[in-house]
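A quick write-up on the structure given underneath.
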Amino acid sequence: MFKCMDCGCVFEEPKTTIEYHGLDYGYESQRSCPNCGSTDYKDSVACDICGEEAWGSCYCENCKSETRAMLKTDFNYFIKQGRMTDIIDMFTEVLDDLYVEERSNR
């Protein structure tokens, strides 16, 4: 499956257009969204969490949305105090530490 990044259309195969440019031989082939004609589309990959289709990321929109909602719920205290940037910075630092720790244990 493919998804157009301009109009959001999900389709099985891109539309193929062949242009001859007035020549008797040779041609240029271009693939595009069958809905709007855009060449900005992505092939789907399986979400690393649930296996559903995802475009432009390793995670589907549903899993990202659920994770965002959990974080907002769990860190509501910081959000209400206007300290969301602080908690994001702290998480980034801790996640970097965990990543290094994980890599060094292999």
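The values are calculated or read from the model by the stated rules, or taken from the named source; none is laboratory data. What you see is a predicted model, and the numbers here were worked out from it, not measured in a lab. As a convention, Cβ positions derive from the backbone with ideal geometry for all residues, glycine included, and neighbour counts pool all protein chains shown.
Annotations
- Selection count, the range 19-36, where residues are assigned to a loop (DSSP other than H, G, I, E, B) and either surrounded by 13 or more Cβ atoms within 10 Å (Cβ to Cβ) or touching a residue at least 24 places away in the same chain (Cβ under 8 Å) (or both): 4
- Taking the listed residues T39, T85, T16, T67, the one that is part of a loop (DSSP other than H, G, I, E, B), of a type in the set (V, I, T) and either under 28 Å from M5 (Cβ atoms) or at pLDDT 85 or above (or both) is T39, with no other qualifying.
- Filtering the range 42-51 to residues that are surrounded by fewer than 14 Cβ atoms within 10 Å (Cβ to Cβ) and over 11 Å from M5 (Cα atoms) leaves A46, D48, C50, G51.
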